[in-house]
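The values are calculated or read from the model by the stated rules, or taken from the named source; none is laboratory data. Predicted, not measured: the structure shown is a model, and the values here were computed from it. All Cβ positions, even for glycine, are placed from backbone atoms using ideal geometry, and neighbour counts span all protein chains on display.
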Amino acid sequence: MRIILCIAHDRDVDGLGCHAIMHRFSNQKNLRIIHIFTDYDRFCKDISGVSVNGVNIVIADLGYNKRFKQCESVLKKLISKNRVVWYDHHDWSEADLSGITLILKKGLCASEILQQEYLPTDEVAAEIANLARAHDFRMENKLAWKLYDVISSGYDKLKLVKLLAKGVYWNNELEEVYNSYSELKEKGFKYLEKHSKLYNIKDFRCIIGLSDTKLSSTLATEHLLKKNVDLVICIWKNGKMSFRRRNQNINLRKIASIFDGGGREEAAGGFFYKKIDETNYLEIFDEIIEIIKKNI
């Protein structure tokens with residue numbers, strides 16, 4: 001039996017949608033599939049222990065960023081022994097990974113790309129891609145945003161992937177998880193607002209907030225965007241950063257690159273290599289603003 005190794009983002013509907021579409025494809029083709037659920041800050045660690053030979057490796061919804069340079073040797077080893085295809089919609093201008101087949105389609109989410117490549121006529125895969133697109137491009141779709149809350153709650157990712165792959169987009173258990181997480185989310189919003197500060201950077205307004213682990217990057221940044229600012233920066237105690245904008249003249253990918261990150265012009269992430277907590281977050285905020293002022 002042939003094997004597919006699916007390595008994709010684990011934090012949003014698009015990432016889980018990629019896993020679900022590949023899971024459905026594997027089931028239909030009687031293939032064995034192995035899932036690695038990862039994120040930008042764990043990618044190198046998660047693939048460092050992978051030792052496979054003659055496997056079809058599908059990587060999706062993970063745009064190349066500076067931190068991936070730490071594991072280029074691991075990637076090249078995987079490329080030498082397996083067929084690696086990377087499906088994405090982010091910027092890849094900094095990458096230099098010969099041997100990888102890159103399928104890059106801007107304007108689509110990663111799930112849409114996989115659906116077109118692997119299951120172009122499958123109605124379930126099309127609906128998964130539709131849900132992923134709705135969330136990734138901030139469209140009105142109640143089910144997509146409810147699924148995102150379930151993912152953010154810490155719900156078993158493989159279990160959700162298997163449900164979606166079967167065409168089960170919602171059930172009573174997911175509804176219970178969603179309702180329970182809604183209470184935690186509200187506590188997270190209160191914490192975020194308490195630990196946030198407004199700044200002026202040249203001619204635009206920026207707000208920075210320290211978020212706790214109850215909130216994902218999208219939930220935290222979207223909440224602060226309601227403050228009618230041009231730029232939102234959220235940071236977590238582990239140094240993870242997330243950037244969103246209301247002002248179309250701000251290129252978030254360029255700002256994220258300052259902090260060893262990447263993404264798209266309208267949504268990006270990065271990393272800050274200092275300990276941050278309730279005692280020093282205002283000092284860290286000031287430092288971040290000064291770094292941005294010096295580099296834009």
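Details
- The strands (runs of 3 or more DSSP E) located wholly in the stretch 202-277 that include 3 or more residues which are within 27 Å of GLY107 (Cβ to Cβ) occupy 231-235, 240-245, 267-271.
- When the stretch 224-235 is filtered for residues that are farther than 17 Å from ILE201 by Cα and surrounded by fewer than 21 Cβ atoms within 10 Å (Cβ to Cβ), only LYS226 remains.
- Selection from the stretch 59-79 of residues that are surrounded by fewer than 20 Cβ atoms within 10 Å (Cβ to Cβ) and more than 22 Å from ILE33 (Cβ to Cβ): LYS66, ARG67, LYS69, GLN70, CYS71, GLU72, SER73, LYS76
- Close pairs from the stretch 269-296: first of a type in the set (Val, Ile, Thr), partner part of a helix (DSSP H, G or I), Cβ under 6 Å, at least 6 apart: ILE276/ILE284
- Cβ-Cβ under 6 Å pairs, at least 6 apart or on other chains, the stretch 45-74 side assigned by TED's automatic domain parsing to the domain that holds LEU16, far side of a type in the set (Phe, Trp, Tyr) and not in a strand (DSSP E or B): TYR64/TRP92
- Filter pass, ASN130 being over 19 Å from ILE21 (Cβ atoms) and either modelled with pLDDT of 95 or more or buried (at least 17 other Cβ atoms within 10 Å of the Cβ) (or both): no
- Matching option when the condition is surrounded by fewer than 21 Cβ atoms within 10 Å (Cβ to Cβ) and over 12 Å from CYS18 (Cα atoms), among TYR148, TYR155, TYR118: TYR155
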